[in-house]
1. What does the structure give for B:112-118 when I average, per residue, the other chain Cβ atoms found within 10 Å of the residue Cβ?
2. Just how large is the dipole of the protein assembly as shown about the Cα centre, in debye to the nearest 20, putting +1 at every Lys and Arg Cβ and -1 at every Asp and Glu Cβ?
3. May I ask you to sort A:Ile149, C:Ile224 by Cβ crowding, counting other Cβ atoms within 10 Å and putting the fewest first?
4. Just to be sure I understand: with springs between alpha-carbon atoms less than 10 Å apart, which residue in B:Pro176, B:Pro244, B:Pro206 has the highest mean-square fluctuation in the Gaussian network model of chain B?
5. Note down the Stokes-Einstein diffusion coefficient of the range B:94-218 in µm²/s, whole number, using a Kirkwood radius over alpha carbon pairs, 4 °C, and 1.567 mPa s.
6. Relative contact order of the range C:110-199: what whole-number percent is it, with Cα pairs under 8 angstrom and at least 6 residues apart?
7. Can you give me the pair-distance distribution of the range B:288-337, C-alpha pairs, 10 Å bins, whole percents?
8. Please name which of A:Ala474, C:Gly258, A:Val117 has its Cα lying farthest along the dipole of the protein assembly as shown towards the positive end, using unit charges on Cβ (Lys, Arg +1; Asp, Glu -1) and the Cα centre as origin.
Amino acid sequence: MNVHTNHPPVPLLEVRGLTVEFATRRGTVRAVEQVDLDVAKGETLAIVGESGSGKSVTSYTVMRILDRAGRIAEGSMTFSGVDLVAASEKQVRALRGREMSMIFQNPRAALNPIRTVGRQIEDVLKEHALAGSADAKEKAIAALTEVRIARPEERYDAYPFELSGGMCQRIVIALALACRPQLLIADEPTTGLDVTTQKAVMDLVMELTRARGMSTLLITHDLGLAAAYCDRVMVMEKGRVVETALAGTIFKAPSHAYTRKLMRATPRGGVTLRDLLPEGSDLTPPEPRPAAATDGTPLLTVTSLVKEYPKKGVGLTLARLMGRGTDEDLTPFRAVDGISFAVGRGESLGLVGESGCGKSTTSMMVNRLTDRTSGSLVFDGIDIGAIPARQFARSPLRRRIQMVFQDPTDSLNPRFQVGRAIADPILRMGTPMNGAALKARVEELARLVGFPEHLLDRFPHQLSGGQKARVGIARAIALDPDLVILDEPTAALDVSVQAVVLNLLQDLKIKLGMSYIFVSHDLEVVRLLCDRVVVMRAGRIVEQGMTREVLSNPQDPYTRELLSSIPHPPV
Amino acid sequence: MLGKILKRLGTVVPSLIGVVIVTFLLTRVMPGDPAAYFAGPAATPEAIEEIRRSLGLDRPLLEQFLAYVVDLAQGDLGTSLTTGLPVMHEITTRLPASAELTLLGLIVSMAIALPLGVLAAVRQGSWIDHLSRVIATAGVSLPVFFTGLLLVYVFYFILGWAPAPMGRLDFFFSDPERVTGFFLIDSLLMGDLELFRAAFSQIWLPALTLGIFSLAPITRMTRASMLAVLASDFVRTARANGLPPGKVVITYAFRNALLPIITTLGMVFSFLLGANVLVEKVFAWPGIGSYAVEALIASDFAPVQGFVLAMAILYVLLNLLIDILYGVIDPRVRIEA
Amino acid sequence: MTATPTSLPAEKAATGLLAHARHIVTENPVTGLSFGLFILFLLAGLVGPHVVPYDPLASDTAAALAPPSAAHWFGTDQLGRDIFSRVVVATRLDMTIAIASVALVFVVGGLAGLAAGYFGGWTDQVVGRICDTIMAFPLFVLAMGIVAALGNTVTNIVLATAIVNFPLYARVARAEANVRRDAGFVQAARLCGNGEWRILLGQIMPNTLPIMMVQVSLTMGYAILNAAGLSFIGLGVRPPTPEWGIMVAEGAAFIVSGEWWIAFFPGVTLMLAVFCFNLLGDGLRDLVDPQRRT
């Protein structure tokens, strides 16, 4: 990392006392307050913060692309000698794309869906007079080559929907760097991308910007990512800067309490779940439930499980009807391709893989919401795979297999009070009880998951993400299930909330003697929570074993790739 | 591309079958005895029986349907009781009058609505935005026959700028030689400017009525879809890359916004073809709409049935055209379909 | 946008919807106005026939074709009937047709769409096919055909209006049910042991109701227009029954000779009624779906 220690860095971007206000229905809201920041020539600065910290608003303000409701209330911004606050829209436009540019999260949406990517690059080149009609195509293809797009001449004519997410992000980078600007602002550039793609994209951005001596401002929620790729890190909380430090020092000696909390909460090697919680938390482990006598057989045994989806489309149906079309066209798509594993009683099993690997399909078959194509699912001696998903709601086994969903907002009916959501499984499948007993039970469950009882009559939209996650957990454990499937239960949560929820899940498991299947893309979280891990890729299991062994000594090259893609902060 | 259009043509077939079945069923669900209905009020029982046989109403329903389809395939829509002429002949001669009026109305409204909707979205909250909102809400509330009457009162009775609402051409003129059937075009083809002016003076008021009617939905949709596109990520990218507002609004936003607008056009056509009937009645326009209304009043069912069928086929074809247009603009449809 | 002070969370929980409604009415006076207009139409429909100054059917040839005056606020028609009384009395009939047809299609179309969107498969195929067939016709033309075939009665006007509106309701309900069929809370309800019908009616339907109510308000205006258009061309209601469409049709002949009031007042009333429902629909949409404000 090139830290400028010998000579005072030349500030390319200088922001002083920036305050941004938004006019909302409920009055004026300050999204950013008194923010100071400097980006030196050739420097990489990260702004790190959780949702609502004002990190994205800060970057939009620098680009002067705030939406209509937002305005700069106070402060100054100077970019390369230009006063960005006073500059006219026309002056700023001349800078955008030419001197400073930006890449965004969700790359597919960031590209015009009905214009070829080559033309979109040409638009930028022509606008900044870096290409004429004669050489535009040539230069656009050169820009594609620079971001390592294979076969750039062909891709020049491609539309965004024909390219993968990672490829689209490369195009967005090519757009941003086409005019060789001095500053690149990257707003969560890898959120939503798989971990291996994330590494490739970040490596590419850093390589290109370093080679050109550009400055970079990286906006991210991931402290690890920031520390691994940036010279300096600035931490924001609720619109204010709490700390700015060199990437090396911030991990060793975080000075602000919020930074320490954030750092602690970030899952990483060499710590336990308890270490994620803020200092001074109650660390007493729960009283384990006395184990029932068992014969030692696993709770769930999955053997040669397969899920196929027929390919769709009018053309294909026609082809099928007429008996035409290649064999490949007619073969159904195998989302899960013959996998076998077991879950022991009281065990946590991690199910890991990138998007499209079949881990979610597997969990939906195990919890009997989706029918399997073939294979067996033996739960406590009964092949539950043989019971159709539609009828499983009436099976006495239903109450023993429950699930916590990925998106806590989506998993709660917006028209029902959350107390009713928790009561639903008891009403449908529990022993009949009167209103008072039901109320008492719901309150007991709320206490168990640490959900404030007085909020039980609220609607989901009146709760925070962490509170909604707790409601989802309370509903899942309401009937004392044996197996709970956790489908990325913390993916939508901020890292500090994630730390608390993970600990809660761990404690509940011990207290109630449950088994978990934990579906995740995050190996660091799996390392902390799971006893054993199954690594999936393209519908198959590439490796499984004890978490400790698999993650410290991976046998399969894919597992190794996954592990090496996790950003590691400098130690 | 041609293959795709052919494939899309194939999907029209079920719609057409549905249309034919429904129009056939409409005649069979008529209360009372269709034979008595077709025979007229003064017919004797023997005459009704005779008509029943000749219409094939004594045969099974399926057989009747087949006969109906065979007639249709030969272009036979039956005969009008009041005029004694074949329905098919009347509809084909009157169709250009209706088509000319409807198209002109649509052109008028698109010419106003598209720029208005775009400006309203770009300058959200400005006076032009408020104007477009008023037009959009007030426009859909206007009963088209009432607008027509108001316009006649103002422009004919008070101002005298328009001739009496009496058809396509003043009786003083004779029809232009039929080439397209559109008087405005045919008169120009003949090089007769006087005739063109006469035809235009008759058509502008009803066309304006239809234009005002379809102004609202197109403005509304243009504004809404422009607003949605302007808030999208790729417009933000285009702005962040320093593209000028004109390029952002036209090349990036408007072309994308066109997609939902084109979809709405299907609905607009549905309303326009219906409104056309009412406008034709108000302006005594000799199109297929007023033909159907006259037949309705005379309880003459064959023309009504032929009219419903003709309108439906026209509408199905218009929707086909819209779909093809959509594919031309949207590469996702073009390549995937 | 006005900067209303933030209310306390607890207070908001209880009065959230009401406060939001008040906010919309005060923020947008047009919505408030349309609500007032709606009350007026409701009153005219309920008590109109008992309070009008003249018998709507009584002709008085001596006073025929009189322009608006103190005695006859809206003037008289060619038979000397008082237009004001006729316009007010007609409210009940026009509203009844609109409300009956909308209520019919709300239940039938809504349920069909919900089932199609949730169950998919052949249910979806059948409902979709019915919608496609109806939509293959220009709607007003189909309504004409249906009334002509079924017979020239008010009941058939109601039926025809409901049929041509069926696809609009079925498609909205279908889309709403379809996006939720695999939503997290639906999956959760399955895990809680709920049967499919219970999920459809208990979990999904309450979520589709707001959008459906907006649809009701927006198509109400269309239903009134549709019915008036049909009577304008001589279908459905017959003279001398007072009805807005038919009154405009009767006045049409006198426009060219300058007796504007015969067609004008029923026409304006018709327009106001439709306008009122459309504005209410827009206001209602703002209320239930703030993201889709246009």
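Where a number appears in this text, it was derived from the coordinates with a stated rule and is not lab data. Every value quoted in this text rests on a predicted model; they were computed, and no experiment measured them. Cβ atoms come from the backbone with ideal geometry, glycine included; neighbour counts cover every protein chain shown.
1. Average per residue, whole number: 0.
2. That gives the protein assembly as shown a dipole magnitude of about 2440 debye.
3. Going from least to most buried by this count: A:Ile149, C:Ile224.
4. It is B:Pro244.
5. 82
6. 42
7. All Cα pairs, binned at 10 Å, distribute as 25, 29, 19, 16, 10, 0 percent.
8. Going by the Cα projections, it comes out as A:Ala474.
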